[in-house]
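Q: Structure incoming, see below.
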Amino acid sequence: MSAALDGLRAALVTALRDGLAELDPARLVERALDAEAVAPGGRVFVVAAGKAALGMARGALRSWGDRVTGGLAVTVATPAVPARDQPSALANPEEAALRPLRVMRAAHPIPDARSVEAAEAALAVATALGPGDLLLALISGGASALLAAPPAGVSLAEKQALVAALLEGGAPIQEVNLVRRHLSRIKGGRLAAAAAPARVLTLLMSDVVRGLPHDISSGPTVPDPTRVEEALAALERWAPWLSRLAPALSESLKPSDAPLLEARMLADPDRLAERVAAALAARTGLRAVAAPAEEGDARAIVERRLALARRLAPGEAAVIPCEPTLSLPAQRGAGGRAGWIALAALRGLPPDVALLCAASDGADGSSGAAGAVVVSAAAAAMDDRAIDAALARFDDAAVHRALGTRVEMGPTGHNLTDLHIVARDFTRSAR
């Protein structure tokens, strides 16, 4: 592999880091709240939930620390620590700095008992509010799993089976969250309803391509225009064997019933792509543009990435926010959708093009990495049959480790969906 291509691969990863830093959750929340007014004498309680919850909570306390009476921040549990050794409230310096908020951790993407505990704690905060009080909801991607309150007649095990079926079956995230909103005691605006008659202000960091506020983490504090019939259709489309849960679906909070709810979008996948494109151009001189967001089947996305790679002129790059879907078998290896797409595209890339596919939260499925950054020359280190077998088994993590193409970032404190970058070196090495 040439030094130029090595440098290009490194530049793509650095640009991703730069773009994420530009959208620091704490700074975004602090700026938003500096411009907000709080009713004199009213108490402020915070419910922060999602992969950016701790950062968003820090920003709230920087701006409104002397006004915040209490609340909680719920984020993702560390996968490496067994649940039995990882209580929902952990004591460490970072979390101590968030007092008076209670810090809780739960499972993602499949909820666990800690998710139920966190949801009940959030509902308790909301129901204690009165006229003149404010519930400040700081919602980021991942909160659908972190706050789980199954309705009467639905067990946690049934909710877990449903979420797993929808995610592994390849359902678009909007439809996954559609079903979640109508099968919950906290989602679909129900947390906001529990806070009435208090005012509710929601600040959002979206992980959903073209997502509306009710799509983000299943909208616990915003009104929802969708109907039970739509959720039932999605359930029957993606998990008909779980139709026994249909009687538990119920209507969510509608816009006409939510006069005291306000929501602000602080960041989304498109904004991340814009920041990354700007960072890439500034660092490398590449003509980098933020392309329209995409979603859909991962195999079709591979073909689009290869077509784009062939069209790029030397020195051009495209940054694409992306929400791929993959239908996964019960038996599979370790990997993620970003790494799988990168591996599937690897051998078809022109020799002077680099492709980065990464999860903005730093966790691409079960791979242990954020994703991968590849050039076609990397394939020379492995037999084609081994690559094909890894793709068939959805076992891309080991291949990327062996090829040295993994993107190692660790948890980023973000969740602005996946990002793909396709970039062509300045000098075309082959025609």
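Q: At 1.4 Å probe radius, can you tell me the per residue accessible area of the stretch 162-202 in Å²? Don't jump to the answer; show the numbers that get you there.
A: Details: 850 Å² over 41 residues.
Counting only protein heavy atoms, the per-residue value for the stretch 162-202 is 21 Å².
Q: Mind pulling the per residue volume of the convex hull built on the Cα atoms of the chain? Å³ is fine. Intermediate values should be presented prior to the final figure.
A: On the way: hull volume 58.4 nm³, N = 431.
Output value, Cα hull per residue: 136 Å³.
Q: If you average over every viewing direction, what projected area does the convex hull of the Cα atoms of the stretch 85-223 give, in nm²?
A: Working: hull surface 35.6 nm².
Over all viewing directions, the stretch 85-223 projects a mean Cα-hull area of 8.9 nm².
Q: Still on this structure, I have one more. Any chance you could get the radius of gyration and Dmax over the Cα atoms of the stretch 181-259, in Å?
A: Rg then Dmax for the stretch 181-259, in Å: 13.2, 40.
Q: Right, here's the next one. To test your reading of the geometry: what angle, between 0 and 90 degrees and rounded to tens, separates the Cα axis of helix 3-22 from the longest principal axis of the chain?
A: That helix lies at roughly 10 degrees to the long axis.
Q: Considering the stretch 190-341, what Rg and Dmax in Å follow from its alpha-carbon atoms?
A: 20.0, 59
Q: Still on this structure, I have one more. Quick one: in the stretch 335-404, what % of C-alpha pairs are over 21 Å apart?
A: On the way: 329 of 2415 pairs.
Taking all Cα-Cα pairs of the stretch 335-404, the fraction more than 21 Å apart is 14 percent.
Q: Another question, then. What are the GluC sites (Glu not before Pro) within the stretch 8-51 that DSSP puts in a loop, where the Cβ has at most 14 other Cβ atoms within 10 Å? Could the numbers behind the result be given before it?
A: Working: sites: Glu22, Glu30, Glu36; in loops: Glu36.
Hits after loop and neighbour filter: Glu36.
Q: Report the gain in length on full extension from Arg347 to Ala3: 0.36 nm times residue separation, minus Cα-Cα distance, nm rounded to one decimal. Intermediate values should be presented prior to the final figure.
A: Numbers: separation 344, 0.36 × 344 = 123.84 nm, distance 1.92 nm.
Here the segment from Arg347 to Ala3 would lengthen by 121.9 nm.
Q: On to the next question. Mind listing the phi-derived Karplus ³J(HN,Hα) values for the stretch 186-198, rounded to whole Hz, using 6.51, -1.76 and 1.60 with θ = phi - 60°, and x for any glycine or proline?
A: 10, 7, x, x, 6, 5, 5, 4, 5, 7, 4, x, 5
Q: Please list log₁₀ I(q)/I(0) at q = 0.12, 0.15, 0.19, 0.23 Å⁻¹ for the stretch 1-82, using the Debye equation with identical point scatterers on the alpha-carbon positions.
A: Per q value, in the given order, log10 I(q)/I(0) is -0.53, -0.69, -0.88, -1.06.
Q: Test of understanding: what is the full-extension gain from Ala97 to Ala35, defined as 0.36 nm times their sequence separation minus their Cα-Cα distance? Let's see the in-between values first.
A: On the way: separation 62, 0.36 × 62 = 22.32 nm, distance 2.33 nm.
That works out to 20.0 nm of additional length.
Q: If you take every DSSP beta bridge whose two residues both sit in the chain, what share of them, in percent to the nearest 5, is antiparallel?
A: For the chain, the DSSP antiparallel bridge percentage is about 35.
Q: Nearest 10 degrees is fine. How inclined is helix 156-168 to the longest principal axis of the chain, computing both from alpha carbons?
A: 30
Q: Okay, moving on. To the nearest 0.05, what FRET efficiency results for Glu262 and Ala124 with a Förster distance of 25 Å applied to their C-beta separation? Intermediate values should be presented prior to the final figure.
A: Values: r = 23 Å, r/R0 = 0.90.
The value I calculate is 0.65.
Q: If you don't mind, another one. In debye, nearest 20: dipole of the stretch 150-252 around its Cα centre with unit charges on the Cβ of K, R (+) and D, E (-)? Can you show the working numbers first?
A: Working: 11 positive and 10 negative charges, 60 e Å.
Here the stretch 150-252 has a charge dipole of around 280 debye.
Q: Next question. In degrees between 0 and 90, to the nearest 10, how far off the longest principal axis of the chain does helix 228-238 point, with axes built from Cα atoms?
A: Relative to the chain, helix 228-238 is tipped by roughly 40 degrees.
Q: For the chain, build the charge dipole from Cβ charges (+1 Lys, Arg; -1 Asp, Glu) around the Cα centre, then report which of Ala377, Ala97, Thr69 sits farthest towards its positive end.
A: Checking the options against the dipole of the chain, the answer is Ala377.
Q: Helix-only estimate, please: 222 nm mean residue ellipticity of the chain, summing -39500 (n - 2.57) across DSSP H runs of length 4 or more and dividing by its residues, to the nearest 500.
A: Working: 15 runs with 162 residues, N = 431.
Calculated mean residue ellipticity at 222 nm is -11500 deg cm²/dmol.
Q: Further question: With charges set only on the Cβ (+1 for Lys and Arg, -1 for Asp and Glu), what does the dipole of the chain come to about its Cα centre, in debye to the nearest 20?
A: Values: 46 positive and 47 negative charges, 51 e Å.
Here the size comes out at about 240 debye.
Q: Can you give the convex hull volume of the alpha carbon atoms of the stretch 289-431 per residue, in Å³? Intermediate results must be reported in sequence, preceding the final value.
A: Details: hull volume 14.8 nm³, N = 143.
So the per-residue Cα hull volume is 103 Å³.
Q: Taking θ as phi - 60°, what are the ³J(HN,Hα) couplings along the stretch 289-299 by the Karplus curve (6.51, -1.76, 1.60), each to the nearest whole Hz, with x for Gly and Pro?
A: 10, 7, 8, x, 5, 10, 8, x, 4, 4, 5
Q: Report the gain in length on full extension from Arg393 to Glu303: 0.36 nm times residue separation, minus Cα-Cα distance, nm rounded to one decimal. Intermediate values should be presented prior to the final figure.
A: Values: separation 90, 0.36 × 90 = 32.40 nm, distance 1.96 nm.
Taking 0.36 nm per residue and subtracting the Cα distance, the gain is 30.4 nm.
Q: Moving to a separate point now. How large is ³J(HN,Hα), in whole Hz, for each residue of the stretch 123-138 in order, when computed from phi with the Karplus curve 6.51 cos²θ - 1.76 cosθ + 1.60 and θ = phi - 60°, using x for Gly and Pro?
A: 5, 5, 4, 5, 6, 7, 7, x, x, x, 7, 10, 9, 9, 9, 10
Q: Once amide H atoms are placed 1.01 Å from N in the peptide plane, what residues at a sequence separation of 5 or more from Gly71, or on another chain, have their amide H within under 5 Å of its amide H?
A: Answer set, sorted by chain and number: Val46, Arg102.
Q: Could you work out what % of the accessible surface of the stretch 317-415 is carbon and sulfur, using a 1.4 angstrom probe and leaving DNA, RNA and ligands out of the count? Intermediate values should be presented prior to the final figure.
A: Values: 1730 of 3260 Å².
Here carbon and sulfur together make up 53 percent of the probe-accessible area.
Q: With a Förster radius of 56 Å, plug the Cβ-Cβ distance of Ala157 and Arg310 into 1/(1 + (r/R0)^6) and report the FRET value to the nearest 0.05.
A: On the way: r = 48 Å, r/R0 = 0.86.
Calculated transfer efficiency: 0.70.
The values are calculated or read from the model by the stated rules, or taken from the named source; none is laboratory data. Note that the coordinates shown come from a computational prediction; the quantities given were computed from them, not determined experimentally. Reconstructed Cβ throughout: ideal geometry from the backbone, glycine too, with neighbour counts over all protein chains shown. Areas reflect the complete protein model, heavy atoms only, side chains present, ligands, DNA and RNA absent. Shrake-Rupley method; radii C 1.70, N 1.55, O 1.52, S 1.80 Å.
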